[in-house]
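Engineer: Below: one structure in structure tokens.
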Amino acid sequence: MYRTPVGVLPDDFFFGCATSAYQIEGGIENDWAEWERQGRLHDSHARCGPATQHWERFVEDFDRLEEIGADAYRFSIEWARVEPSPGRFDEVAIQRYVRMTEDLVRRKIRPIITFLHFTHPPWFHTTCPWHADQGAPDRFALFVRRMMQALEERCQFFTVVNEPMVWLLGAYGVGVIPPGIKNLRFLALAAANLMRAYVRARHIIRAYAPDARCGIAHNVVRFAPDRSASPTDRWITHAVHHFYNHAIPEVLTHGHLSVGILPGNTYKHEIPEARGSLDFLGINYYSRIHIRFDPFRRMGKHRIWAFYDDREGQGVTDLGWEIHPRGLLSMLLDMSRYDVPLVVTENGLDDRDDTRRARYLYDHLQSVLEARRRGVDIRGYLHWSLLDNFEWLDAFEPRFGLFRVDYASQERTATKAAQLFKTIANTRMLPDKPPRMDRRPGEPKGVLPDAP
Ligand code: BGC
């Protein structure tokens, strides 16, 4: 049933773009805005501020989506806008999100809503942080319920939480994003609460929209041992892969959460209510990471060294991430073990000169279609991102958009990849000839802070 000639988008396959509220809307007061004022971004003066003013310009941005033939759009609802202080809901903000959703539906663009894309209301971490026993899942449930009362059945697809693993590692592992606490036990407690919150949200969503399909957008990385013959590199790669790529889908499938990589340093939680709670699994894929482990030698501050490398000559992005489309194919095959439909909910690159995005889109979509040909139940592809946006710790330097944004004038300009996107959307096929990749020599980067 899922087999179609490679290069052809199957009829039931959706093809669109993804964004998140804080990265584009502008004018949001949340935990990140506070973090920025504390000088915690790479450039301590950088601020998200008005971002791309999408809050005011969403209609013209949706015109662009329509223009390029997108039939799906994933966006997030900013909790801080909806509930600026505990228990006080902002009806004007809620109605704006309803209008956005209605506008998409009217254009026959399938809305896919995320309720938590990294950011929290400013009061959240001091009132009921995820790692504490202070009712974080209940608070999240109230927010989701309030939104569902307003949205009713307008939206049928929900990637309820974005990249729980990325957020947990940033917030509680390396501690570089709010709340910025480095503590593995807290990380595990926060993970358990986040998973409980997901399950609660799914029940609420389905009470208001009984046919709705719920999942998460899960970041996966293709990990590879740096030295393929080294037993320690191979062992650590397997352990990292198992934890990073599988810990979260494992809980949502079987109810067992295990947090940690090294034996003797793991935390376990049982969450039976999470069993079988994925209606689909969203896959966010960007790159491959190489790993080296030398038990007797430190590399910089670390014993485990994780880094990007241009091993196959396909180039790296401006941020130094290896471009590795075959990794997406391997990861889709690997994630199909959960036996739920998959959707690529994010895939893209930062490409300031517009020299690599079109080829990146082509090659990754080819991997997706190849996975489908091999029998993986994969239902759609969403490019990250529709617009250039605020890229968290790196602020506005990286350019992830299909549409370039001139932040001074707020003018949007289509990239070459937007043209290719449109051709694919209109013909429902990959063109025979791949676009040219004008690869520039790039600098692959270390992943962990202070790695050599
Ligand atoms: C996140 C996005 C981010 C993108 C590129 C994903 O991890 O969901 O918010 O902009 O990667 O870094």
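Values in this text are rule-based calculations from the coordinates and carry no lab data. Only a predicted model underlies this, so the values are computations on that prediction, with no experimental measurement involved. As a convention, Cβ positions derive from the backbone with ideal geometry for all residues, glycine included, and neighbour counts pool all protein chains shown.
Engineer: Check Phe14: other-chain or 5+ apart residues with amide H under 5 Å from its amide H, H built from backbone geometry?
Structural biologist: For Phe14, whose amide H was placed from the backbone, the distant partners under 5 Å are Gly380, Tyr381.
Engineer: What is the projected area of the convex hull of the Cα atoms of segment 170-287, averaged over all directions, in nm²?
Structural biologist: For segment 170-287, averaging the hull's shadow over all directions gives 8.5 nm².
Engineer: Still on this structure: To the nearest 20 debye, what is the magnitude of the charge dipole of segment 75-202 about its Cα centre, counting +1 on the Cβ of each Lys and Arg and -1 on the Cβ of each Asp and Glu?
Structural biologist: 240
Engineer: A further question follows. Once amide H atoms are built 1.01 Å from N in the peptide plane, which residues 5 or more positions from Arg74, or in another chain, come under 5 Å H to H?
Structural biologist: Counting only residues 5 or more places away or on other chains, the set is Cys17, Ala18, Thr19, Ile112.
Engineer: Output the Kirkwood hydrodynamic radius of the chain, Cα pairs only, in Å rounded to one decimal.
Structural biologist: Computed over the chain, the radius equals 22.2 Å.
Engineer: So for segment 5-137, what percent of the C-alpha to C-alpha distances run longer than 26 Å?
Structural biologist: 33
Engineer: Mind checking the dipole of segment 113-172: about its Cα centre, +1 per Lys or Arg Cβ, -1 per Asp or Glu Cβ, Debye to the nearest 20?
Structural biologist: The calculated dipole for segment 113-172 is roughly 120 debye.
Engineer: For segment 181-196, take each phi angle, set θ = phi - 60°, evaluate the Karplus expression 6.51 cos²θ - 1.76 cosθ + 1.60, and give the result in whole Hz per residue in order, putting x for glycine and proline.
Structural biologist: 10, 9, 6, 5, 5, 5, 4, 5, 5, 5, 4, 4, 5, 5, 5, 4
Engineer: Further question on the same structure: What's the magnitude of the charge dipole for the chain around its Cα centre, counting Lys and Arg as +1 and Asp and Glu as -1 at the beta-carbon? Answer in Debye, nearest 20.
Structural biologist: So the magnitude is around 1020 debye.
Engineer: Tell me the relative contact order for the chain as a rounded percent, counting alpha carbon contacts under 8 Å between residues six or more apart.
Structural biologist: 19
Engineer: With bins 10 Å wide starting at 0, give me the P(r) of segment 310-406 over every alpha carbon pair, in whole percents.
Structural biologist: 15, 44, 30, 10, 0
Engineer: Okay, moving on. Compute the whole-percent fraction of alpha carbon pairs in segment 108-250 spaced more than 23 Å apart. Can you show the working numbers first?
Structural biologist: Values: 4270 of 10153 pairs.
Result for the distance tail: 42 percent.
Engineer: While we're looking at this one, here's another question. Provide the per-residue ³J(HN,Hα) series for segment 340-356, in order, calculated from phi with Karplus coefficients 6.51, -1.76, 1.60 and θ = phi - 60°, each as a whole number of Hz, with x at glycine and proline positions.
Structural biologist: Coupling constants for segment 340-356: 10, x, 10, 9, 7, 8, 7, 6, x, 8, 9, 8, 4, 8, 6, 9, 10 Hz.
Engineer: Counting other Cβ atoms within 10 Å, which chymotrypsin sites (Phe, Trp or Tyr not before Pro) in segment 246-349 have at most 16 and lie in a DSSP loop?
Structural biologist: Answer in residue order: Phe296.
Engineer: Sum up the charges of everything whose Cβ sits under 10 Å from the Cβ of Asp138, counting Lys and Arg as +1 and Asp and Glu as -1, but leave Asp138 out.
Structural biologist: +3
Engineer: Which one of Ala425, Ala414, Ser336 is farthest out on the positive end of the charge dipole of the chain, using unit charges on Cβ (Lys, Arg +1; Asp, Glu -1) and the Cα centre as origin?
Structural biologist: Ser336
Engineer: Still on this model: What ranking, highest mean first, results for peptides 360-371, 16-27, 122-133 when packing means the other Cβ atoms within 10 Å averaged over each residue?
Structural biologist: Most protected by this proxy first, the peptides run 16-27, 360-371, 122-133.
Engineer: Could you compute the FRET efficiency for Thr127 and His45, with r as their C-beta to C-beta distance and R0 at 25 Å, rounded to 0.05?
Structural biologist: On the way: r = 29 Å, r/R0 = 1.17.
According to the calculation, E is roughly 0.30.
Engineer: Quick one: Cα centre-to-centre distance for segment 41-113 and segment 400-428, in angstrom?
Structural biologist: A separation of 18 Å, based on Cα centres.
Engineer: OK, next. Rg and Dmax of segment 110-171 over Cα atoms: what are they, in angstrom?
Structural biologist: Values for segment 110-171 (Cα only, Rg and Dmax): 12.8, 37 Å.
Engineer: Provide, for q = 0.23 Å⁻¹, the log10 of I(q)/I(0) from a solvent-free Debye sum over equal Cα point scatterers in segment 384-429.
Structural biologist: -0.78
Engineer: Okay, moving on. Given an 8 Å cut-off on Cα distances and at least 6 residues of separation, report the relative contact order of segment 1-128 as a percent.
Structural biologist: This gives 32 percent for segment 1-128.
Engineer: In whole Å, what is the distance between the alpha-carbon centres of segment 132-157 and segment 177-234?
Structural biologist: 18
Engineer: Now for a separate question. Kindly state, as a whole number, the per residue volume in cubic angstrom of the convex hull around the alpha carbon atoms of segment 265-347.
Structural biologist: Enclosed volume per residue, from the Cα hull, is 155 Å³.
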